[in-house]
Amino acid sequence: MTAAPPEVLAELQELRVRVPYLTGAMVASTDGLVIAHLLANAEPDGVAALTAAALGVGARLTDAVGHGGFRELLVNGEFGYVATYAAGTSSVLTLLATADANVGRLNIEARRACPRLGALIDGAFQRQRQP
C-alpha cells in the first residue's frame, strides 16, 4: 500500500480523543509494514516489525491451545500498555497507553475501531490489486 486512506489516520486521531492516557496509535500490515501512525515517542518501523512478531507468536499460541484465530494481545509493562488488535484480514491496530489508562475503555474503543479500520485497509489493498 503506497498511502493509507485518510480515514485511517482520522480513526487513529479519534481514538486518541476517546481514550484517556493513550500515547500512541498505529495501524500496520500483518507482515510488519507501517500503514498509518500517531507515534511521537517510538520509532514506527520498529514498532510495526515487533508487532508483526508478536502477532505471529500470539496466533501460534491461540492455535496451539485450540482457541481459534488471533484477536488481540495486551502487554502490561512497568510504565504502560501495548495492545494489539486484529483489524481485518491484512492489518493490526497497536495502541500505546500509560499505566494510568483504563484497560477496559482501551479494549472497548479498539474493538469498535477495528472493523472500520479493517474494512478501509482491506478495501484499499483489494483496489490496489485490481488492474
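The values are calculated or read from the model by the stated rules, or taken from the named source; none is laboratory data. Remember, it's a predicted structure, so these values are computed and weren't measured experimentally. Methodologically, a virtual Cβ is constructed for each residue, glycine included, from the backbone with ideal geometry; neighbour enumeration extends over all protein chains shown. For the accessible areas, the whole protein counts, side chains as well, though only heavy atoms, and no ligand, DNA or RNA atoms are used. Shrake-Rupley method; radii C 1.70, N 1.55, O 1.52, S 1.80 Å.
Can you confirm whether segment 21-32 contains a residue that is open to solvent by 30 Å² or more (accessible area, probe 1.4 Å), at pLDDT below 95 and out of contact with any Phe, Trp or Tyr (no Cβ under 7 Å at 6 or more places or on another chain)? Checking segment 21-32: at least one residue is open to solvent by 30 Å² or more (accessible area, probe 1.4 Å), at pLDDT below 95 and out of contact with any Phe, Trp or Tyr (no Cβ under 7 Å at 6 or more places or on another chain). Cβ-Cβ distances below 7 Å connect the following pairs, each with a first residue in segment 103-125 that is in contact (Cβ under 8 Å) with a residue 40 or more places away in the chain, a second residue that is among the basic types (Lys, Arg) and open to solvent by 40 Å² or more (accessible area, probe 1.4 Å), and a separation of six or more residues or different chains: Glu109/Arg18. For the residues Ala97, Ala101, Ala48, Ala124, the requirement of being at pLDDT below 95 and buried (at least 17 other Cβ atoms within 10 Å of the Cβ) singles out Ala124. For segment 79-90, the count of residues that are open to solvent by 80 Å² or more (accessible area, probe 1.4 Å), closer than 18 Å to Val8 by Cα and part of a loop (DSSP other than H, G, I, E, B) is at least one. Against the list (1) open to solvent by 70 Å² or more (accessible area, probe 1.4 Å); (2) in contact (Cβ under 8 Å) with a residue 60 or more places away in the chain; (3) part of a helix (DSSP H, G or I), the condition Val17 fails is (2). In segment 51-73, the qualifying residues are those that are touching a helix residue (DSSP H, G or I) at 6+ places or on another chain (Cβ under 7 Å) and surrounded by 11 or more Cβ atoms within 10 Å (Cβ to Cβ), and the one that is modelled with the highest pLDDT is Leu73.
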